[in-house]
Structures are given as structure tokens and as C-alpha cells.
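My structure is below; once you've seen it, I'll send some questions.
Coordinate-derived values only; no laboratory data. None of the values given here were measured: they were computed from a predicted structure. Reconstructed Cβ throughout: ideal geometry from the backbone, glycine too, with neighbour counts over all protein chains shown.
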Ligand SMILES: Nc1ncnc2c1ncn2[C@@H]1O[C@H](COP(=O)(O)OP(=O)(O)OP(=O)(O)O)[C@@H](O)[C@H]1O
């Protein structure tokens with residue numbers, strides 16, 4: 001129940017619909033219990049006492065009652081569904097919002113398929129219980145309660161005898177729940193793994209095909225699929241064991257009732273009509289108790305799902321710094337790192353140690369170093385994707401923590417080597433960082449980023465809808481769109497990932513030209529593997545294993561005979577070798 005209590009804020013606002021549905025349900029249940037009473041009157045008064053005239057009245061009464069029951073059932077179902085649907089709308093909104101504000105470190109370990117499964121299948125399981133299961137549970141209590149009252153009214157000893165088996169039924173139901181709940185948690189987890197597998201496979205289809213791993217992938221999926229099947233069979237096994245047991249206990253109750261009830265009828269202590277009514281009523285108790293297995297099933301599923309939803313909702317959000325109310329300021333763009341350390345959560349070693357960098361307004365800073373040296377980590381800190389573990393980062397004279405994260409990010413434009421584009425129009429992708437940008441501004445930025453020409457040549461121009469992750473565009477085209485997108489934001493600080501090794505010379509020249517265009521008047525950080533990309537920078541920082549190994553201009557560093565010179569020599573030799581070969 002703890003899970004439902006903790007999720008109460010999502011369904012309590014709609015409790016009026018639940019109560020409306022409940023009132024209708026009480027009505028439906030009360031009417032249901034009247035049926036056996038009508039049957040008893042028809043047998044005892046209509047048939048046994050020979051007052052046949054009463055039968056038409058009873059028949060009309062029954063039809064009226066059934067019509068009323070139909071109306072009440074509609075109200076019960078409609079408002080029950082409304083309660084569930086409106087509640088999970090809120091759950092879905094909150095989960096999605098939560099996902100937007102979770103820190104990057106959450107996504108280091110999160111799996112897309114698992115998250116998708118939580119936002120869809122788990123939310124649905126929770127809704128099903130709210131819409132249907134909750135009411136069924138209340139219905140159970142009501143039906144058993146009403147039926148017992150009527151049964152006690154007819155005969156106290158017969159009711160007690162019939163009830164003898166109920167404790168056994170209760171134990172069976174309890175044991176069923178104990179086994180089925182962990183089973184459902186496993187099914188949910190297995191489904192999430194299955195989703196993750198499919199999602200990763202579709203996203204990585206290029207790699208799968210390029211490396212001819214179709215058969216391996218098929219086998220891996222088979223393992224996941226097998227696991228999901230086994231977990232479901234396990235549930236069926238539990239269900240198959242307990243359901244007949246519960247039915248057997250119910251039937252023993254019916255046998256006891258017929259045996260003892262028949263004896264009472266023969267003794268004249270019970271009329272035939274009362275015995276028949278009793279027999280119907282007892283199924284109003286046994287039926288729901290057996291049905292309790294199904295309700296518990298639903299309850300267990302939604303509890304397991306609710307727990308998985310709470311796991312996301314309980315995640316701590318990133319601290320955003322002070323919330324800014326007015327318009328975001330445009331920063332000048334002076335960035336200083338003072339003895340900064342960074343250690344990622346799951347690592348035993350620092351990714352950055354004692355980093356000191358000064359980037360005056362409008363300067364160009366080059367970050368070079370081997371892969372894993374810490375270049376990207378510096379950028380992660382400027383954008384506050386991760387928080388530093390030591391030292392101080394100051395922007396325009398103010399510690400970075402004192403900025404509203406949104407204000408900070410509005411002032412930093414990034415162009416990464418891997419550009420993510422959404423499956424919407426090129427125009428929307430360009431304006432993603434600044435949705436208020438006018439069409440003129442968008443075209444102007446695209447022209448400066450050398451992207452206008454190819455966009456214009458597409459059949460729908462700027463309205464061309466891209467495939468998932470920008471499918472349908474070349475790597476170089478995507479990167480130029482990313483440059484134009486950053487330009488439209490008009491940031492004071494710019495981060496360019498210039499590891500453009502994967503494009504041909506002509507595209508590289510275009511990208512370099514576009515990058516030069518966007519850098520004007522902004523503090524720019526260029527991440528590069530190649531010296532040629534940073535040699536014009538005002539200041540170059542050479543990183544090695546998370547530390548600044550060297551610092552200076554291209555000319556100064558070449559004279560120092562350190563790491564920079566070694567990288568330069570290797571790359572120069574490579575270049576000469578290529579030229580000679582050519
Ligand atoms: N999100 C993360 N969680 C844990 N460790 C990380 C994370 N990101 C980077 N690292 C680690 O931090 C170190 C520095 O990585 P970083 O990505 O900053 O290097 P880089 O110089 O940008 O490399 P590359 O040129 O290959 O992009 C590496 O040891 C890397 O494994």
C-alpha cells in the first residue's frame with residue numbers, strides 16, 4: 001500500500017470521479033444481491049404458495065431493476081475510467097518532466113528501452129488498476145458484505161457452516177500474492193530488457209550491418225526473448241497452481257451448503273426458496289473471493305509498476321542554482337578555471353586534476369590531447385552537465401554555481417562532432433535553441449554556416465522533415481546545420497568539437513569556413529586531436545591524463561620540445577608521408 005500512498009498526489013485530485021464511480025458501484029452491487037431475493041419470493045410465494053399472480057409483477061420489477069443496474073454500470077465504468085486516465089496523464093507528464101531535469105550522471109547508466117517501458121507499459125499497468133482494479137477491490141468488500149447480511153438474515157447456522165472454508169481460501173489467496181508479486185516484478189524487468197535490446201538494435205543497425213553481426217544480434221535477442229517467455233510461464237505456473245485450489249475450496253463450500261441446507265430444508269427450518277437464494281448468494285461470496293486472485297494479480301502488477309515509476313520520481317534532480325525570474329542576460333564570455341578537479345561518480349580516479357585555464361572575452365582556446373585526456377570533461381563543466389569536485393570556475397567574474405543553469409546554457413553554443421537532429425523539419429531543428437528566431441534570421445545563419453545552398457535544393461527546403469536522428473543528411477551537412485543552430489542562439493561562449501576526421505577534404509574546408517564565421521566575437525573553445533585545427537588559437541592547452549601538461553601559443557609550444565611538439569612532429573610526418581604517396 002506504501003507505493004499507492006506515495007503516488008497519491010497523482011490520483012487524489014480526481015477522487016470525485018472515483019467516488020462517483022463508487023456510488024454507482026454500491027448501487028450495482030446492492031441490486032445484484034436483490035436477484036436471489038426475487039428468486040426466493042418467486043419460488044416460495046409464487047410457486048409453493050400458489051400465488052401465480054405475483055410472477056408478472058416480479059418479472060416487471062426485475063426488468064426495471066436490470067435497467068437501473070445498466071445505467072449504474074455505465075456511470076461506474078465511465079467515471080472509473082476517467083479517474084484512471086486523468087490520473088496517469090499526470091503521472092506521464094511528471095515523469096517526462098522529471099526526465100528533462102535529471103542530471104547527466106543519471107543517463108550514464110540509464111537505458112532508453114527501460115525508460116520507454118516505464119513510461120508506457122508501467123504507466124498503463126498502473127492506470128488499469130486505478131480504472132478497474134480499485135473499484136473491483138471495493139466491489140469485493142461490498143458484495144461479500146451485502147451477501148453475508150442477507151445470508152445471516154435467512155439462516156445463521158447455515159451461513160456459519162458455509163463460511164468454514166473461507167479461512168483456507170484466504171490463506172491460499174495470501175500465498176498466491178506472496179509468489180505472484182515478485183514474479184510480476186521480474187516480468188516487468190524482463191520486458192524492459194527486451195525493449196532496450198530492440199531499441200539499441202534499431203539505433204545501432206548501421207554498426208550491426210557494417211560488422212556483419214546480424215546472427216549474433218538475433219541470438220542475443222533470443223536470450224532476452226527466452227527470458228521474457230520463462231518469466232511469463234512462471235507466472236502462468238503460479239496462476240495454474242493456485243486457481244484450481246481456490247476453486248476447489250469454493251466448491252467444498254457449495255457442497256457443505258447443499259448438504260447442510262438440504263438437511264435444514266427437509267427439517268422444515270428453511271424454505272426451498274431460501275435454500276435456492278442461499279445457493280446464489282454463496283456464489284456472490286465465493287466468486288469474488290476466487291476473483292480476488294485476478295484482482296490481486298492486477299494489484300501486484302500495478303504495485304510492481306508503481307515501484308518502477310517511483311524509482312524515477314525519487315531520483316534527485318540536479319541543483320539548478322538560483323532561479324532567474326527576468327530575461328536571461330547576455331554574458332561577455334570570460335571563462336576562468338582555477339585549480340579545478342573532476343571525478344565522475346563511478347570512477348576511482350580523477351578525470352581532471354588541478355586544471356587552470358583563462359579565456360579572456362573573445363579569445364580562442366585550443367584543447368588538445370590524446371583520447372581520454374579530459375578535453376570533453378572541461379566542456380561538461382562549463383555547461384554544468386557535471387559538477388566539479390574541487391577548485392573554482394568563474395564566468396564573467398562570478399562563480400559558475402551562482403548562475404541559473406538555463407541562463408548559463410543560453411550563453412553557450414556547442415557544435416559537437418556527432419550532431420543530434422530531431423525528426424522534425426530542418427527549420428525547427430535550426431531554431432531549436434531559439435524558437436523565437438525569425439525565418440530571416442534562420443536563413444541568414446544557414447547562409448553563414450554554408451548550409452543554405454543544400455537546404456534550398458531539397459524539395460521542401462527548410463520544411464523538409466528529417467528522419468530519426470537526422471537520417472537522410474550527410475555527416476558534413478548535419479554538422480553545418482549544428483553550426484547554424486548554434487549561430488541562431490547567438491552565444492557568447494562557443495564550443496567546437498573540431499575532430500572532423502570523418503569527412504572528405506572539400507566538406508572539411510566548408511565546415512572550417514563555417515566555424516570561422518561563427519567564432520567571430522565569441523570566446524571559443526576548440527577541442528581537437530589535430531594541431532592544424534588549433535594552431536591559430538590565442539592560447540593552446542595540452543592535456544595529458546586529466547592535467548594541463550603544456551600551455552602557450554602554437555609558436556611558443558613548438559619551441560618547448562614537449563608533448564605538443566611530439567604530437568606536431570608525428571602529425572607532420574604523417575602528412576608528409578601522405579603527400580609523398582600522393
Ligand atoms: N560520463 C562519464 N562517466 C564516467 N567517466 C567518464 C565520463 N565521461 C568521461 N569519463 C572519463 O573521463 C576521462 C576523460 O574523458 P574525456 O571524454 O573528457 O576525454 P577526451 O579528451 O575528451 O577524449 P576524446 O578525445 O576521446 O573525446 C576518461 O577516462 C573517461 O573514461
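At 7 Å along Cα-to-Cβ for each site, give me the label-to-label distance between residue 383 and residue 283 in nm.
According to this spin-label approximation, the distance is 6.6 nm.
Then there's this: For region 347-379 and region 172-195, compute the distance between their C-alpha centroids and round to whole Å.
47 Å
I'd like the FRET efficiency for residue 536 and residue 9, computed as 1/(1 + (r/R0)^6) with the beta carbon distance as r and R0 of 51 Å, rounded to 0.05. Show your work: numbers first, answer last.
Values: r = 56 Å, r/R0 = 1.10.
Efficiency, from the Cβ-Cβ distance: 0.35.
What is the extension gain from residue 75 to residue 544, computed as 0.36 nm multiplied by their sequence separation minus the C-alpha to C-alpha distance, in nm to one decimal?
Working: separation 469, 0.36 × 469 = 168.84 nm, distance 7.01 nm.
Result: 161.8 nm gained on full extension.
Here's another thing I want to ask about it. Over region 2-313, what is the relative contact order in whole percent, taking alpha-carbon pairs under 8 Å and six or more residues apart? All intermediate terms of the calculation are to be shown ahead of the outcome.
Values: 318 pairs, mean separation 101.8, N = 312.
Relative contact order, region 2-313: 33 percent.
Label-point separation (nm) for residue 153 and residue 573, each offset 7 Å from Cα along Cα-to-Cβ?
Taking the two extended label points, one gets 10.1 nm.
Additional query: Under 12 Å from a point 7 Å along the Cα-to-Cβ line of residue 465: which residues of region 407-426 have their amide N that close?
Within reach of a label on residue 465, which here means backbone N under 12 Å from a point 7 Å along Cα→Cβ, region 407-426 contributes 423-426.
Next question. Please tell me the relative contact order of the chain in percent, rounded to the nearest whole number, where contacts are Cα pairs under 8 Å and at least six residues apart. Could you put the intermediate results ahead of the total?
Numbers: 815 pairs, mean separation 84.4, N = 582.
After rounding, I find 15 percent.
Which order, highest average first, do 211-223, 139-151 follow once you tally other Cβ atoms within 10 Å for each residue and take the mean per peptide?
So the order, starting with the most tightly packed, is 139-151, 211-223.
Sorting check: for 55-65, 486-496, which peptide has the highest mean count of neighbouring beta carbons within 10 Å, and how do the rest follow? If you can, show how the numbers build up before the last one.
Details: 55-65: 12.5, 486-496: 23.6.
Taking the mean over residues of other Cβ atoms within 10 Å, the ranking is 486-496, 55-65.
Follow-up. Suppose R0 equals 25 Å. What FRET efficiency, 1/(1 + (r/R0)^6) with r the Cβ-Cβ distance, do residue 19 and residue 67 give to the nearest 0.05? Mind showing how you got there, number by number?
On the way: r = 24 Å, r/R0 = 0.94.
Here the calculated transfer efficiency is 0.60.
Let me ask something else about it. Counting other beta carbons within 10 Å of each residue's own, what order do 483, 34, 526 fall into, fewest first? Please list the in-between numbers first.
Values: 483 27, 34 16, 526 23.
The fewest-first ordering by Cβ neighbours comes to 34, 526, 483.
Would you mind ranking 271, 464, 162 so that the residue whose beta carbon has the fewest other beta carbons within 10 Å leads the list? Before the final figure, lay out the partial values.
Values: 271 18, 464 15, 162 25.
Ascending number of Cβ neighbours within 10 Å: 464, 271, 162.
Across 20 Å bins from 0, what is the distribution of all Cα-Cα pair distances for the chain, in whole percents?
In order of increasing distance, the bins hold 15, 35, 24, 16, 9, 1, 0 percent.
So how tilted is helix 272-313 from the main axis of the chain? Cα-based, degrees 0 to 90, rounded to 10.
Once rounded, one gets 10 degrees.
Compute the distance in nm between two label points, each set 7 Å from the Cα along the Cα-to-Cβ direction, one at residue 34 and one at residue 219.
Reported label-point gap for residue 34 and residue 219 is 6.8 nm.
Calculated from DSSP H runs of 4 or more alone, at -39500 (n - 2.57) each and per residue, what is the 222 nm mean residue ellipticity of the chain, nearest 500?
Details: 23 runs with 363 residues, N = 582.
Helix-only estimate at 222 nm: -20500 deg cm²/dmol.
To continue, here is another question. For residue 60 and residue 211 in one chain, what is 0.36 nm times their gap in residues minus the Cα-Cα distance, to one decimal in nm?
46.8 nm is the gain from fully extending residue 60 to residue 211.
On C-alpha positions alone, give me the angle between the axis of helix 15-41 and the longest principal axis of the chain, in degrees, nearest 10.
20 degrees
Ok, one more. Would you mind getting me the FRET efficiency between residue 314 and residue 241? Use the beta-carbon distance for r and R0 = 25 Å, nearest 0.05.
Values: r = 35 Å, r/R0 = 1.39.
The calculated FRET efficiency here is 0.10.
Oh, and also: For region 441-494, what's the relative contact order in percent, using C-alpha pairs closer than 8 Å and at least 6 residues apart?
Details: 29 pairs, mean separation 27.0, N = 54.
Answer for region 441-494 is 50 percent.
Sort 541, 107 so the one with the fewest other Cβ atoms within 10 Å of its own Cβ comes first.
In increasing order of surrounding Cβ atoms, one gets 107, 541.
Once both axes come from the Cα atoms, what is the angle between helix 439-448 and the longest principal axis of the chain, in degrees from 0 to 90, rounded to 10?
Its long axis makes an angle of about 50 degrees.
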